[in-house]
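Input: a single structure, listed below in structure tokens.
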Amino acid sequence: MNSVTSSIPQIINLIILLILVFFLFAIVGIQLFKGTYWYCDASHIDDLSVEKFRTIIDLSIFEKLNKEEITDKLICMDYGGDWIQEDSNFDNCVFALITMFKVALTEGWLDIMWKPVDIKGSDVYTLFFITFIFVGSFFLLNLFDGIVIDNYYREKERVLGIGDFSAGQRLWIQLQSKVGTQKPKFEVTIPKIKWQAFLYKFVTSVYFESFIILVIVINMIVFMISSHRESQSILDGTAIFN
């Protein structure tokens with residue numbers, strides 16, 4: 001409990017840094033994705049109404065367009081749908097910060113990332129979210145655990161009375177504690193029976209270990225080959241290797 005209490009000042013500083021980083025990415029997100037996170041709600045329109053609409057206004061775009069594929073406001077309104085803003089968006093700073101927080105938690109962040117890619121038709125925008133995942137989620141959020149753990153070890157040293165010891169004294173104490181926890185090692189003797197001795201030398205040799213590592217690497221490569229809509233020949237080949 002003392003380690004958590006002593007971590008509060010450092011945690012507050014980290015929260016301030018986290019808010020600044022989130023705010024920076026939110027501003028960039030507003031510049032890139034404002035007006036993007038909207039969708040067309042055409043669930044209340046039945047196919048009969050659409051057919052009547054087509055007879056009045058000839059719009060060839062409706063011939064190959066499903067309700068779920070409408071990504072333009074004017075087309076949605078002409079279709080008779082409602083243009084609705086999504087819960088996660090970058091239309092203002094508040095919503096952008098909330099969206100960045102959702103992405104940092106990695107909960108449903110893929111749907112948030114692919115939305116502007118589908119609208120704008122470029123995979124470059126994925127770099128924005130991937131960079132934020134590394135900086136805001138993997139690095140900054142994990143610093144909370146690092147601060148608490150670091151203060152825990154400091155509190156442990158204070159309780160044990162070694163907080164004021166020099167580096168050499170601490171090293172000596174660590175060596176003594178390791179020596180006290182060491183257990184005797186039992187050496188395995190080579191079997192006297194020839195075939196058992198042969199198997200023992202074979203499985204403990206460097207060549208056998210290298211062979212096992214090679215098999216593991218090949219198995220990983222086989223799993224890496226698998227992809228979406230792969231051909232039947234690849235499926236048969238991976239099944240044979242596995």
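The values are calculated or read from the model by the stated rules, or taken from the named source; none is laboratory data. If you're wondering where the values come from, they're calculated on a predicted model, not measured in any experiment. Note that each Cβ is placed from the backbone with ideal geometry, even for glycine, and that neighbours are counted across all protein chains shown.
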Q: Pick out the one residue from PHE138, PHE101 that is under 24 Å from GLN10 (Cβ atoms), in contact (Cβ under 8 Å) with a residue 60 or more places away in the chain and either under 14 Å from the mean Cα position of the chain (by Cα) or in a loop (DSSP other than H, G, I, E, B) (or both).
A: PHE101
Q) For the stretch 114-121, does any single residue satisfy the condition of being more than 18 Å from ILE30 (Cβ to Cβ) and in a helix (DSSP H, G or I)? A) yes
Q) Going by the conditions given, is ILE112 surrounded by 15 or more Cβ atoms within 10 Å (Cβ to Cβ), of a type in the set (Val, Ile, Thr) and within 19 Å of the chain's Cα centre (by Cα)? A) yes
Q.
Go through (1) under 29 Å from the mean Cα position of the chain (by Cα); (2) at pLDDT below 80 for ILE240 and report which single condition fails.
A. (1)
Q) Which residue, of THR5, THR55, is modelled with pLDDT under 75 and of a type in the set (Ser, Thr, Tyr)? A) THR55
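Would you check which residues across the stretch 115-141 are aromatic (Phe, Trp, Tyr) and surrounded by 16 or more Cβ atoms within 10 Å (Cβ to Cβ) and list them?
Going residue by residue through the stretch 115-141, those that are aromatic (Phe, Trp, Tyr) are 125, 128-129, 132, 134, 138-139.
Scanning the stretch 115-141 gives TYR125, PHE128, PHE129, PHE132.
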